[in-house]
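The values are calculated or read from the model by the stated rules, or taken from the named source; none is laboratory data. Being a predicted model, the structure only gives us computed values, none of them experimental. Cβ placement follows ideal geometry from the backbone for every residue including glycine, while neighbour counts extend to all protein chains displayed. Accessible surface is based on the protein model in full, side chains and every heavy atom, while ligands, DNA and RNA are left aside. Shrake-Rupley method; radii C 1.70, N 1.55, O 1.52, S 1.80 Å.
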Amino acid sequence: MDNLDLRCAKLGQDLASIGGVDDKILTHALAVLEEQGVYACFLYLKAREGSAGQQIIDRCAAFLREQPAGAAFRANSDAFAALQNLAGDLDKLLFARDLLRQALVYGRYHAKAKA
């Protein structure tokens, strides 16, 4: 599957299926992502959303590890250390942000549809 938009849609559907995740959590994560960036979004999810937030982080990090531009994620199993590596290449960081933004948007729609 080479269509990145379709991959983002599948990730969004997966995020919406996590127990305890609703459209509000995904909306807040999306707002932090857009205003502050990927690292802040992951920190927000870890600090404010408990186990559901950690599951979102884990699934997003796994998704980024699969993407060619996210090769920096492959070096580390810790999402936060991998993000610090990724920050060394602005193009890859912005690409990762765009992919996560699209996935969170799809996740919001999936969560609203199931409610």
GNM top mover of GLN67, GLN55, GLN36 - the chain, alpha-carbon springs below 10 Å
GLN36
Quick one: length gained pulling LYS114 to LYS24 fully straight, 0.36 nm per residue minus the C-alpha distance?
31.1 nm
In whole Hz, what ³J(HN,Hα) sequence does the stretch 31-43 give by Karplus (6.51, -1.76, 1.60; θ = phi - 60°), x for Gly and Pro?
4, 5, 4, 5, 7, 10, x, 5, 4, 5, 4, 5, 4
Estimated distance in nm for a label pair at GLU66 and LYS10, the labels positioned 7 Å out from Cα along Cα-to-Cβ:
0.4
Tell me the relative contact order for the chain as a rounded percent, counting alpha carbon contacts under 8 Å between residues six or more apart.
43
Backbone HN-Hα couplings from phi across the stretch 108-115 [Karplus 6.51/-1.76/1.60, Hz, Gly and Pro as x]
4, 5, 5, 5, 5, 5, 7, 6
Using a probe radius of 1.4 Å on heavy atoms only, what accessible surface per residue do you get for the chain? Whole Å² is fine.
52
Hey, quick one: spin label on ALA87, modelled 7 Å out along Cα-Cβ, who in the stretch 21-43 has an amide N within reach, i.e. under 16 Å?
33-43
Just round it to a whole percent: the fraction of Cα-Cα distances in the chain exceeding 18 Å.
43
